[in-house]
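K.L.:
Mind having a look at this structure? Questions to follow.
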Amino acid sequence: MKRYLVFALVGPFVGGFLLLLTTTYQSGYWAQTNLGEVGKLFAVFFKTLQYSYLFGFLPSLMIGAVDDILIHIRRVGPGLRMLLVGLFAFVLASLTYSSRGPDSGAVQFILYGLVGFVPAVISSWLVHRYVEEPQAAAAPT
């Protein structure tokens, strides 16, 4: 249960911030702004944080379920599990957020994929580091 709590708390927070950074980059905000306007970015982030949790709660729990499934496979170590969970989240986020129109491209696909990859890997690492993992059952002899 702690695993899902970590994914539900960390995923929407980090993913919401990365989604805000990606959309501001895609809109050209960083090409015309100065350092003084970065405070506006954080103001928008904290004003929209509730929506990050509203819309990111269930996807984060789904990624946590994938992590939970992979932990029961003995051949999958913690590093490989983090990578697989991150790749799964990368594909889901990039397919969910990126467009298929004339403005689509590799940069957009990668940026929106990182919105899923980074929170999933961070959450999976935190679970590996701080949550007790179940012991694998001994094979019957």
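K.L.:
Taking +1 at the Cβ of each Lys and Arg and -1 at the Cβ of each Asp and Glu, which of S99, F55, Y4 sits farthest along the dipole of the chain towards its positive end, judged by Cα position relative to the Cα centre?
P.N.:
Going by the charge dipole, the pick is Y4.
K.L.:
Could you give P(r) for the chain, binned at 10 Å from zero, as whole percent values over all Cα-Cα pairs?
P.N.:
P(r) for the chain, in whole percents per bin: 12, 37, 30, 15, 5, 1, 0.
K.L.:
Please report, as a whole percent, how much of the solvent-accessible surface of the chain comes from carbon and sulfur atoms (probe radius 1.4 Å).
P.N.:
In the chain, the share of accessible area belonging to carbon and sulfur is 69 percent.
K.L.:
Can you find, among V38, L111, H128, the residue sitting farthest towards the positive end of the charge dipole of the chain, where Lys and Arg contribute +1 and Asp and Glu -1 at Cβ?
P.N.:
Among V38, L111, H128, the one farthest towards the positive end of the dipole of the chain is H128.
K.L.:
Let me ask something else about it. What dipole magnitude, in Debye to the nearest 20, does the chain give about its Cα centre under +1 on Lys/Arg Cβ and -1 on Asp/Glu Cβ?
P.N.:
140 debye
K.L.:
Rolling a 1.4 angstrom probe over the protein chains, ignoring ligands and nucleic acids, what is the accessible area of I71 in square angstrom, nearest 10?
P.N.:
Result for I71: roughly 20 Å² accessible.
K.L.:
Compute the accessible area per residue over the stretch 15-141, keeping the other protein chains in place, probe 1.4 Å, unit Å².
P.N.:
64 Å²
K.L.:
Residues of the stretch 72-91 with the amide nitrogen closer than 18 Å to a label point 7 Å from the Cα of K2, along Cα-to-Cβ, please.
P.N.:
Once the point is set 7 Å along Cα→Cβ of K2, 72, 78 turn out to lie under 18 Å by backbone N, inside the stretch 72-91.
K.L.:
Still on this structure, please answer the following. Nearest 500 deg cm²/dmol is fine: what mean residue ellipticity at 222 nm does the chain get from its DSSP H runs of n ≥ 4 alone, each adding -39,500 (n - 2.57), divided by its residue count?
P.N.:
Using -39500 (n - 2.57) per qualifying helix, the result is -26000 deg cm²/dmol.
The values are calculated or read from the model by the stated rules, or taken from the named source; none is laboratory data. Since we're looking at a predicted model, the values are computed, not measured. With ideal geometry, Cβ positions are generated from the backbone for all residues, glycine too; neighbour counts draw on all protein chains shown. All accessible areas refer to the heavy atoms of the entire protein, side chains included, with ligands and DNA or RNA removed. Shrake-Rupley method; radii C 1.70, N 1.55, O 1.52, S 1.80 Å.
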